[in-house]
Amino acid sequence: MVIQEQTDLLPYNTFKIQAKAKYFVSIRTEQDFLELIQTPIYKTEKNIVLGGGSNILLTGDFDGLVIKMDIKGIQTVAEDDDTITLKVGGGETWHSFVMHCVSNNWGGIENLSLIPGTIGAAPLQNIGAYGVEIKDVIKNVSTLDLQTGDIVVFTNEECAFGYRESIFKQKYKGKKIISSVTLTLTKKNHHFNTAYGAIQDTLKQQGVHDLSIQSISRAVITIRQQKLPDPSQIGNAGSFFKNPTVTAERYDSLKKQHPEIPGYSSENQHVKIPAAWLIESCGWKGKTFNNIGVHAHQALVLVNYKNGTGEEIWKLAKEIISSVKEKFGIELQPEVNVL
């Protein structure tokens, strides 16, 4: 465990923002963390935890300690004829883990293929796509207390999962670091979720007649590659905004003013409205501003084409929020953490 100084954060954020960390350390074991919290630097400097850097926007240098979660490993903790339960290190890459499961015909997360980030970041914001959320398969989440180093395990229920939410983004924000996630997947009698039209259309285009974990994963990857820019080619953090939810009454009122506005039933008699549609309706899709812009194929994605700054991207995001609120009376919330 070595603490570095003045570390370039460009390789550690998918927006490809040029920024530096005053101090930087990579944690590869729980013991590394226990050693870290005894150091004077940890005790005196503010800190942030980084996974894959796919859910942050750096608006400047970080004047403190950046802790890179790098605990790896996939361990089978229970298995029977129907299911397998795996404990996965928080530093494992999410998509690589999904592909590992797909290749072994373990079901439950195939709809979450090609989502960037790490295992440790996945429960933090309860990642989801195409009708599936990670909360559907999580058994428990193991954390390290940022003050004491104590290991605290949270059951699925204790994680208080919601839409792109968890207790780790609320009560324990800045207080816990996720070191591993334990989840249960199916080995047979899989539940295939193809409710989204895009998946159905893509499966049809690919000539799939017999559903499988592999075919659904391929379909999802195809859709995401068509709609979303590759962070290795164009700096981005995926969906920048959450899809807002409104009451059924509020949606009915909006529908009268904007008959074409789409909506999908959500929890507690609420309606989820696609943020991408709202943003596109305000004319932002495909707009470019010097080095940054809104992606041409997906209005939810803000992009850094070349040498854009975090301040520029955040300014654009705030302008989008303002225009959507002015037109629809809905205030978009960032899904990305702005630092």
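The table that follows gives values for the structure above.
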read-out	value
Residues of the stretch 85-100 classified as crowded, with 20+ Cβ neighbours inside 10 Å and farther than 14 Å from residue 221 by Cβ, total	7
Hits in the stretch 81-120 - residues which are over 19 Å from residue 214 (Cα atoms) and of a type in the set (A, V, I, L, M, F, W, C)	86, 88, 119
So residue 188, is it surrounded by fewer than 17 Cβ atoms within 10 Å (Cβ to Cβ) and closer than 22 Å to residue 297 by Cα	no
Members of the stretch 134-164 found to be in a strand (DSSP E or B), surrounded by 20 or more Cβ atoms within 10 Å (Cβ to Cβ) and not polar (S, T, N, Q), listed by number	138, 141, 144, 154
Matching entry among 124, 114 (being touching a residue at least 12 places away in the same chain (Cβ under 8 Å), outside the structural domain of residue 33 (by TED's automatic domain parsing), within 14 Å of the chain's Cα centre (by Cα) and surrounded by fewer than 24 Cβ atoms within 10 Å (Cβ to Cβ))	114
Among the residues listed as 25, 66, 49, 88, the single one being outside any loop (DSSP other than H, G, I, E, B) and closer than 27 Å to residue 106 by Cβ	88
Qualifying positions in the stretch 165-201 - small (Gly, Ala, Ser) and either farther than 17 Å from residue 128 by Cβ or not in a loop (DSSP other than H, G, I, E, B) (or both)	174, 179, 180, 197, 198
Every residue from the stretch 37-53 that is surrounded by fewer than 22 Cβ atoms within 10 Å (Cβ to Cβ) and of a type outside the set (Asp, Glu)	37, 38, 39, 40, 41, 42, 43, 44, 46, 47, 48, 49
Count of the stretch 146-159 residues which are at pLDDT below 95 and under 20 Å from the mean Cα position of the chain (by Cα)	0
Any hit, the stretch 307-323, residues being at positive phi and touching a residue at least 40 places away in the same chain (Cβ under 8 Å)	yes
Residue check for residue 255: in contact with an Asp or Glu (Cβ under 9 Å, 6 or more places away or on another chain), among the basic types (Lys, Arg) and within 27 Å of residue 334 (Cβ to Cβ)	no
Qualifying position, being over 14 Å from residue 242 (Cα atoms), under 20 Å from the mean Cα position of the chain (by Cα) and aromatic (Phe, Trp, Tyr), among 314, 284	314
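The values are calculated or read from the model by the stated rules, or taken from the named source; none is laboratory data. Owing to the predicted nature of the structure, the values given are computational and were not obtained by experimental measurement. All Cβ positions, glycine included, derive from the backbone under ideal geometry; neighbour counts span all protein chains shown.
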